[in-house]
Structures are given as structure tokens and as C-alpha cells.
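Comments concern the structure below.
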């Protein structure tokens, strides 16, 4: 149990910080998009899709505040974003999560459809 030796209290658990970082709606997608190399804001919009410019900007700033990405300005209108070395450490866990999602998305959708069909009208 949690109070046994070797188990820390969840109040101080580093998992809380990790969840705070990755549970933003777009955070994992942005990190995944940057895992293959630097990208400009417009490239991220096109790659991710269905994200507003403002929300992307806010997400990039938040990830930057955690030290996971950096913004590099090469000219006044040529800015790109890239993973920092710390951000690169999330590439493998995000790949594992992405592989799991690809493998199981159909089963999840099937389960949800079955649950919905079983509910009385």
C-alpha cells in the first residue's frame, strides 16, 4: 500500500508534474510533432490540424516554461520550435503511447458503441 516503506505520498509524487505537463489537450501532439525535428508555427498548425493559432501559441509557451521546447528566431518572421534535450526524453514514452493508441483505438470505439447501444432509448 502507499503507506508502506518505499512508497511516497502522492501529494509529493513527481507523477503529478508529469501529468500536469502532458494532459493538456494538445501537449502530446505538439511534442510528437516536434520529435522529428524543428518546425515553424505554420507547419505545426498544418501537421496537427484542428488547433487554433492562439491555442498552439499558448501550448508552445507552456511547454517552453517547463523546459521541454525552445523557440529560435532566425529572422523577424522566421521562428521555429524544437525539443530541448529534456523534451527529447519524452519522445520514447510518447511513441509507446502512440503505438498503444493505434493498436487499441478500434477496441475502445467498439466498446463505446456497444455501451451506447445497450443504453435504453
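The values are calculated or read from the model by the stated rules, or taken from the named source; none is laboratory data. What you see is a predicted model, and the numbers here were worked out from it, not measured in a lab. All Cβ positions, glycine included, derive from the backbone under ideal geometry; neighbour counts span all protein chains shown.
For the stretch 1-35, a tally of residues being at pLDDT below 95, under 14 Å from residue 83 (Cβ atoms) and outside any helix (DSSP H, G or I) returns 0. The single condition among (1) within 19 Å of residue 40 (Cα to Cα); (2) in a helix (DSSP H, G or I); (3) in contact (Cβ under 8 Å) with a residue 12 or more places away in the chain that residue 79 does not meet is (2). When we screen 47, 68, 56 for residues that are surrounded by 10 or more Cβ atoms within 10 Å (Cβ to Cβ), in contact with a helix residue (DSSP H, G or I) (Cβ under 9 Å, 6 or more places away or on another chain) and in contact (Cβ under 8 Å) with a residue 40 or more places away in the chain, the only hit is 68.
From 61, 102, grab the single residue that is without any contact (Cβ under 8 Å) to a residue 40 or more places away in the chain, assigned to a helix (DSSP H, G or I) and closer than 14 Å to residue 27 by Cβ.
61
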